[in-house]
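The values are calculated or read from the model by the stated rules, or taken from the named source; none is laboratory data. Computed from a prediction, not measured in an experiment: that's the story for all the values here. Cβ coordinates were reconstructed from backbone atoms using ideal geometry, including for glycine residues, and neighbour counts include every protein chain displayed.
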Amino acid sequence: MSGKSKVLSFLPKLIIVLVLVGVLSLDAVYSIKEQEQAVIVTLGKPSTVSEPGLHFKIPFLQQVHKVSTVINGFPIGYDVETKEPIELESLMITSDYNFVNVDFFVEYKVSDPIKFLYASQEPVTILKTLAQSYIRDTIGLYPVDSVITTGKNEIQAEIKEKLIQRLEKEDIGIQLVNITIQDAEPPTVEVLEAFKAVETAKQSKETAINNANKYKSEQIPAASANVDKIIKEAEAAKQSRINEAQGQVARFNAMYAEYTKNPLITKQRMFYEAMEELLPNLKLIIDGDGGVSKLLPLDSLVNVSAPTASGNSEEKEGEA
């Protein structure tokens, strides 16, 4: 056989070897991206590789399974693409036996790639089933008013806590990041309008309370100032009355001291002073002869006698 025929017969074998080497080379290299981890299975035993970049493995003996560690999510109660409600998931009953449609969005990420791949068959499905169970259980503990208006944050927090505890117990390699209420409303338009009216009434109530508190804060200082003014005026009147009473007591004591010394003279002086006070415009002549005081009202006598004298003179003229 010639050398040329030997080369031609060896060429297919060389090509096969090169192809095998290329395949083995490609199968021996893999890459990991950011926020991604790889699970390397060597003869049935898994291990984790988390460093980004190129890595090598033993062809055919090692298998690589890549797992994303970014935050993922899924809706409960509506279709994420069409935004249409899914009544089977969203319709729930509250503690006061009312129906309500509640939509949620669940966010999660892979915390352990090995457990995520091998601890359960469908870990995301398990998470969704647990979330739906705890959502219905928690919504059933609250009245419809809290679910639709004021209790959303409290409900979210309670469901999140229950899910985190359950996932730690199940240990399926998933970590709950957050669960939020997207929307909550009654299943009929009439009920929705009624709840809107209730919410409006609550807002009006808050406005009235705020206005009342504002009026209170304005009136209390003015009332306090008025109280202080009244108290000061009362104190001044009190002190004035006390001073006046003390002055009267002092005058009475002084008069009593004079009375004990000269009772008769003091009586007469008090009598004359009283008459002068009671009859300030009346002119009197006091006749004290014979030990008896006589009061003669001159003005009265003059006023009476004058017309009489005039009348007598007129009568005399008539007679003449």
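There is at least one residue in segment 89-107 that is surrounded by fewer than 19 Cβ atoms within 10 Å (Cβ to Cβ), part of a strand (DSSP E or B) and not hydrophobic (A, V, I, L, M, F, W, C). Residue check: is THR48 surrounded by fewer than 16 Cβ atoms within 10 Å (Cβ to Cβ), not acidic (Asp, Glu) and not assigned by TED's automatic domain parsing to the domain that holds ILE179? Yes; evaluated as a whole, the condition is true for this residue.
A Cβ distance below 8 Å, combined with a sequence gap of six or more or placement on separate chains, defines the contacts here; from segment 261-280, residues that are under 17 Å from ARG251 (Cα atoms) and surrounded by 10 or more Cβ atoms within 10 Å (Cβ to Cβ) reach residues that are modelled with pLDDT of 75 or more and acidic (Asp, Glu) in the pairs THR266/GLU258. Set side by side, the residues ILE135, ILE155, ILE164, ILE172 differ, and just one is under 22 Å from PRO75 (Cβ atoms), β-branched (Val, Ile, Thr) and part of a loop (DSSP other than H, G, I, E, B), which is ILE172. Restricted to strands (runs of 3 or more DSSP E) entirely inside segment 9-82, those with at least 1 residues that are under 27 Å from THR129 (Cβ atoms) and at pLDDT 70 or above are 36-42, 45-49, 62-68, 72-76.
Are any of the residues in segment 234-242 exposed (fewer than 10 other Cβ atoms within 10 Å of the Cβ) and either of a type outside the set (A, V, I, L, M, F, W, C) or in a helix (DSSP H, G or I) (or both)? Step through it out loud before you land on a result.
As a first pass, look at segment 234-242 and keep what is exposed (fewer than 10 other Cβ atoms within 10 Å of the Cβ): none.
No; the residues of segment 234-242 include none that is exposed (fewer than 10 other Cβ atoms within 10 Å of the Cβ) and either of a type outside the set (A, V, I, L, M, F, W, C) or in a helix (DSSP H, G or I) (or both).
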